[in-house]
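The values are calculated or read from the model by the stated rules, or taken from the named source; none is laboratory data. Because the structure is a prediction, the values reported are computed rather than measured. Virtual Cβ from ideal backbone geometry, glycine too; neighbours counted across all protein chains shown.
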Amino acid sequence: MTVRIQTKDFDAGREIAALRQGDPGIGAIASFVGVVRNVNDGDKVTEMTLEHYPGMTEKSIARIIGQAKSRWNIFDALVVHRVGRLKPLDQIVLVVVTGAHRGDAFAACEFIMDYLKTRAPFWKKEQTPEGERWVESRESDDIAAGRWRLKG
């Protein structure tokens with residue numbers, strides 16, 4: 001399991017290749033890349049600033065991955081999350097999960113992303129033409145994460 005919080009961009013293909021290198025038992029790789037949009041809640045977004053609590057954030061994400069590993073038969077997982085100032089089209093987050101079969105890999109990847117959105121300590125501030133604003137949590141993210149309480 002690898003968790004990295006960084007300001008620099010990442011190469012998803014390179015990260016996936018490194019995670020699966022040398023393991024012939026891997027039959028499935030599921031991944032997700034989150035990207036900065038230029039619109040949120042109907043308003044134009046020109047920039048996003050992501051802040052985190054160093055140390056606490058990595059531990060929180062490691063716990064999320066640990067929960068995924070206890071629920072699904074997966075081999076490994078990687079989360080790379082960027083912080084700092086980002087522009088529309090910039091990559092924000094990469095989640096990669098390896099396993100023997102696609103079902104477990106897909107489910108674990110989706111679970112990790114849903115829990116990142118609701119439980120990892122990140123704070124987002126958007127720059128709009130009207131000024132800066134902190135991004136509030138979304139009910140839709142809480143609903144997405146809540147469904148995992150019913151599934152294994």
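Numbers below:
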{"item": "Candidate set: region 28-47, residues that are in a strand (DSSP E or B), of a type outside the set (A, V, I, L, M) and loosely packed, with under 15 Cβ neighbours inside 10 Å; chosen: the one modelled with the highest pLDDT", "result": "LYS44"}
{"item": "Residue selected from region 101-113 under the condition within 12 Å of TRP148 (Cβ to Cβ) and touching a strand residue (DSSP E or B) at 6+ places or on another chain (Cβ under 6 Å), by the criterion surrounded by the fewest Cβ atoms within 10 Å (Cβ to Cβ)", "result": "MET113"}
{"item": "GLU132 being over 17 Å from the mean Cα position of the chain (by Cα) and either closer than 21 Å to LYS8 by Cα or free of Cβ contacts under 8 Å to residues at least 24 places away in the same chain (or both)", "result": "yes"}
{"item": "Strands (runs of 3 or more DSSP E) wholly inside region 49-152 that include at least 3 residues being in contact with a Ser or Thr (Cβ under 9 Å, 6 or more places away or on another chain), at pLDDT 95 or above and of a type in the set (Val, Ile, Thr)", "result": "74-82, 91-99"}
{"item": "Yes/no for GLN127 being within 24 Å of LYS44 (Cα to Cα) and polar (S, T, N, Q)", "result": "yes"}
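Per-residue answers, yes or no, for (1) closer than 14 Å to TYR115 by Cα; (2) touching a residue at least 60 places away in the same chain (Cβ under 8 Å):
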residue: GLU58; (1), (2): yes, no
residue: ARG63; (1), (2): yes, no
residue: GLY66; (1), (2): yes, yes
residue: VAL79; (1), (2): yes, yes
residue: LYS87; (1), (2): no, no
residue: GLN91; (1), (2): no, yes
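Here is a yes/no grid of residues against (1) buried (at least 18 other Cβ atoms within 10 Å of the Cβ); (2) of a type outside the set (Gly, Ala, Ser):
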| residue | (1), (2) |
| --- | --- |
| TYR53 | no, yes |
| ARG63 | no, yes |
| GLN67 | no, yes |
| VAL79 | yes, yes |
| ARG82 | yes, yes |
| LEU89 | no, yes |
| VAL96 | yes, yes |
| GLY99 | yes, no |
